[in-house]
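Rule-based calculations on the coordinates, nothing more; no lab input. None of the values given here were measured: they were computed from a predicted structure. Neighbour counts run over all protein chains shown; Cβ positions are idealised from the backbone, glycine included.
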Amino acid sequence: MQTPHIPNEQELAALRFQAAARDLEQIVRDIAQRYIAQQVPLSWRLLHAIEAEALADLGFASRHDVLMLGLFQRPGDFAYPETDETVDFGQSNALPAVFAFAVGAYEQAARDREEDRRRVRRETRQHAGTPRSRAWGG
């Protein structure tokens, strides 16, 4: 019989971090979805607002300890514009967690919209050549 693996402190900390990251990502996606549904473009000012709201979420704060919460705070030397210009990180993949989650939500929404457009175009082409029957038999 094999003895069960007992996680060490590092493994437990990694699991807690993963749980907190998943939790924060869901919170950010929910917040971003409100703006996406209203078709509000992701500006720097909105990104800062999403970050502030997500990190102030009382549920998130109550589910994770202070040290864990601190890991998701953007370092003070990571200054980003606070303008109404559209967010553009270029090729950078070194983003604060909340920013990355919000950008990911917007990118996913754009992919979903494009897929919906393609589907509608395919369906339109498929039905364009099909004669329609009329309710009156014509």
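Projecting label points 7 angstrom from Cα along Cα→Cβ for GLU114 and SER62 puts them 4.0 nm apart.
Just to be sure I understand the model, the point goes 7 Å from the Cα along the line to the Cβ. What's the resulting LEU12 to ALA37 distance in nm? Modelled inter-label distance: 4.0 nm. Taking amide H as placed 1.01 Å from N in the peptide plane, SER43 has its amide H under 5 Å from the amide H of VAL87, each at least 5 places away in sequence or on another chain.
When the Gaussian network model of the chain links Cα atoms closer than 10 Å, the mean-square fluctuations of ASP23, ASP57, ASP77 top out at ASP77. Across the chain, Cα pairs under 8 Å and at least six residues apart give a relative contact order of 31 percent. Between the helical axis of 9-37 and the longest alpha-carbon principal axis of the chain there is an angle of about 40 degrees. In order along region 71-79, phi translates into HN-Hα couplings of 5, 9, 6, 6, x, x, 7, 8, 8 Hz, rounded to whole numbers, per the Karplus curve 6.51 cos²θ - 1.76 cosθ + 1.60 with θ = phi - 60° and x for Gly and Pro. Scalar couplings 3J(HN,Hα) for region 49-63, obtained by applying the Karplus form with A = 6.51, B = -1.76, C = 1.60 to θ = phi - 60°, are 5, 4, 4, 4, 5, 5, 6, 8, 4, 5, x, 4, 5, 7, 8 Hz; x denotes Gly and Pro.
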